[in-house]
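J.: Questions regarding the structure given below will be posed in turn.
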Amino acid sequence: MTRIQCAALLFDLDGVLINSTPAVARVWRQWAIEHGFNPEEVVARAHGRPSLTTVREYLPNADHDAENREVERREIEDLEGVIPLPGALDLLASLPADRWTIVTSCTRPLAEVRIRAAGLPLPKKMITSNDITHGKPHPEPYLKGAALLGFPPTECIVFEDVPAGVCAGKAADAKVIAFTTTVSESALREAGADWILKNCADVRLLESSGDLKLVLSDGL
């Protein structure tokens with residue numbers, strides 16, 4: 001068992017707190033087919049980044065905002081299989097409300113729909129793609145997430161599941177716990193994750209007076 005402490009926790013949403021992978025894959029696969037792109041490649045590149053970034057990369061001359069609104073509409077409508085990942089509900093319920101937030105590449109409407117669909121508590125404040133200029137792997141999302149809670153990023157721990165998110169957390173000077181829910185352990189390690197676990201069930205809060213004290217199961 002590993003014991004660590006920090007001031008606050010910054011959670012990615014998809015692949016960390018909820019399983020939305022099937023829904024994401026369905027929407028982006030259909031979008032790729034409609035536009036004549038390789039579905040597997042598009043799905044892989046779409047994970048963990050703002051949808052607008054993917055749209056711009058594949059359709060540089062399109063109406064990006066219109067395309068992005070259509071992707072968002074489809075993702076909001078497709079909630080089949082959107083459920084909390086193991087340990088997510090218990091971990092969030094154990095934390096003081098002012099010491100954690102969500103930092104996601106989803107738009108705010110999509111994030112709120114998925115959070116409610118999975119039965120997770122909605123944080124008082126959170127960072128979505130609507131709040132940033134530069135998406136992951138840029139550090140801006142996690143810098144803003146830490147500022148939102150009033151702590152320096154060096155005193156925060158980021159929870160991620162893809163290399164882009166791990167890189168964003170590390171670039172913000174935060175420590176990163178990565179889960180093997182979406183990509184391989186080796187990809188997360190190469191991205192610079194400080195600890196690699198299976199999911200939130202491997203994390204337990206020991207104490208919340210002063211710093212948050214956590215215990216991590218050495219599952220990997």
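The values are calculated or read from the model by the stated rules, or taken from the named source; none is laboratory data. Quick caveat, the model's predicted, so the values are computed rather than measured. Cβ atoms come from the backbone with ideal geometry, glycine included; neighbour counts cover every protein chain shown. Note: accessible area is taken over every heavy atom of the protein model, side chains too, but ligands, DNA and RNA are not part of it. Shrake-Rupley method; radii C 1.70, N 1.55, O 1.52, S 1.80 Å.
J.: For the chain, what does -39500 (n - 2.57) per DSSP helix run (n ≥ 4), summed and divided by total residues, give at 222 nm, in deg cm²/dmol to the nearest 500?
T.: Rounded to the nearest 500, the figure is -12000 deg cm²/dmol.
J.: Round to a whole angstrom and tell me the spacing of the C-alpha centers of the range 62-104 and the range 17-47.
T.: 16 Å
J.: If you don't mind, there's one more thing I want to ask. Taking Rh as the Kirkwood radius computed over C-alpha pairs, what is the Stokes-Einstein D of the range 21-106 at 20 °C in a medium of viscosity 1.002 mPa s, expressed in µm² per second?
T.: Here the translational diffusion coefficient equals 148 µm²/s.
J.: Report, to the nearest whole %, how much of the accessible area of the chain belongs to carbon and sulfur atoms, 1.4 Å probe, protein only.
T.: 50 percent
J.: Please give the FRET efficiency for D78 paired with S184, using the beta carbon to beta carbon distance and R0 = 22 Å, rounded to the nearest 0.05.
T.: FRET efficiency, D78 to S184: 0.25.
J.: Work out, in µm²/s and without decimals, the Stokes-Einstein translational diffusion coefficient of the chain at 4 °C, 1.567 mPa s, Rh from Kirkwood over C-alpha pairs.
T.: It diffuses with D of about 75 µm²/s by this estimate.
J.: Same structure again: Based on the mean of other beta carbon atoms within 10 Å per residue, what is the order of 77-86, 110-119, most packed first?
T.: 110-119, 77-86
J.: Might you work out the accessible area of R56 for me, using a 1.4 Å probe with all protein chains in place, and round it to the nearest 10 Å²?
T.: About 120 Å², ignoring ligands and nucleic acids.
J.: With springs only between Cα atoms under 10 Å, which of I196, I127, I33 fluctuates most in a Gaussian network model of the chain?
T.: I33
J.: Taking amide hydrogens as modeled 1.01 Å from N in the peptide plane, which residues meet the under 5 Å criterion relative to I196, leaving out close sequence neighbours?
T.: Those qualifying (amide H under 5 Å, at least 5 residues apart or on another chain) are A178.
J.: Run the simple label-point estimate for D173 and Q30 please: 7 Å along Cα→C-beta, distance reported in nm.
T.: 4.5 nm
J.: Something else: Determine how large the accessible area of V215 is when every protein chain is in place; take a 1.4 Å probe and give Å² rounded to the nearest 10.
T.: The accessible area comes out at roughly 10 Å².
J.: Also, quick follow-up: Choose one of L13, V162, P137: the residue whose Cα lies farthest towards the positive end of the charge dipole of the chain (beta-carbon charges +1 Lys, Arg; -1 Asp, Glu; about the Cα centre).
T.: My answer, from the dipole projection, is L13.
J.: Could you calculate the contour length gain from A97 to K125, that is, 0.36 nm times the residue separation minus the distance between their Cα atoms, to one decimal place in nm?
T.: Gain in length upon complete extension: 9.1 nm.
J.: Further question on the same structure: Can you give the net charge of the other residues whose Cβ lies under 9 Å from the Cβ of K136, counting K and R as +1 and D and E as -1?
T.: Counting the neighbours of K136, the net charge comes to -2.
J.: Before I look further, what does the range 5-136 give for accessible area per residue, probe 1.4 Å, in whole square angstrom?
T.: So the range 5-136 comes to 44 Å² accessible per residue, rounded to a whole number.
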